[in-house]
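The structure appears right after this line, and notes come after that.
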Amino acid sequence: MSWETERTDINMYSQGDIDKWVYSTCNICSIGCGCYIAVKDEKIVGIKGNSAHPINRGRLGPKGENQWYANNSPDRLLTPMIRDSSGKLVPATWDEAMNLMVKKATDSLKQRGSNSDSTGQGLLEDYYTIAKFRRAGLQTHLLDANTRLCTATTEFCLLQSFC
């Protein structure tokens, strides 16, 4: 079995030495692999698995091993964006974005009823909270998430990585 072979997955890009390793947990899927994030000049420059972590023992799935690239993307949003009256995306404050979300959810509930909304990507704890909100606040049992689609590919990748 491959678990008997020690292995620490690492994926880094760095011009010279890094400044520090920061302990973290991968959040790409709901497994929660332990990892360390490489930081240089206050930017993420890599990731490595935590060999002492009881879940992944140093290994990372392909998605988790490459997730850090998005943090350095020039296309990464640093502030919420909402559409103005012409439909153009413009920067907004967090309060403006949250108030708009509440308004849209309230309008949707009034127009289409409690079984009309869906959810996106989240962690297990997020879905627990969302489920409570949907059952108590919206009075619906319907809950679907990206996890089914995202985890379909993750399962295959994990089998390749860990078995």
| task | With the checklist (1) closer than 30 Å to THR140 by Cβ; (2) touching a residue at least 40 places away in the same chain (Cβ under 8 Å) in hand, flag the one item LYS48 doesn't pass. | result | (1)
| query | So is GLY87 at pLDDT 85 or above and either over 23 Å from the mean Cα position of the chain (by Cα) or assigned by TED's automatic domain parsing to the domain that holds GLY34 (or both) or not? | reply | yes
| request: Give the residues of segment 10-63 that are of a type in the set (Phe, Trp, Tyr) and part of a strand (DSSP E or B), sorted by residue number. | output: TRP21, TYR23, TYR36
| Would you say ASN66 is closer than 30 Å to PHE133 by Cα and not in a loop (DSSP other than H, G, I, E, B)? | no
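The values are calculated or read from the model by the stated rules, or taken from the named source; none is laboratory data. No experiment lies behind these values; they were computed from the predicted model shown. Glycine also receives a Cβ, built like all others from the backbone with ideal geometry; neighbour counts cover every protein chain displayed.
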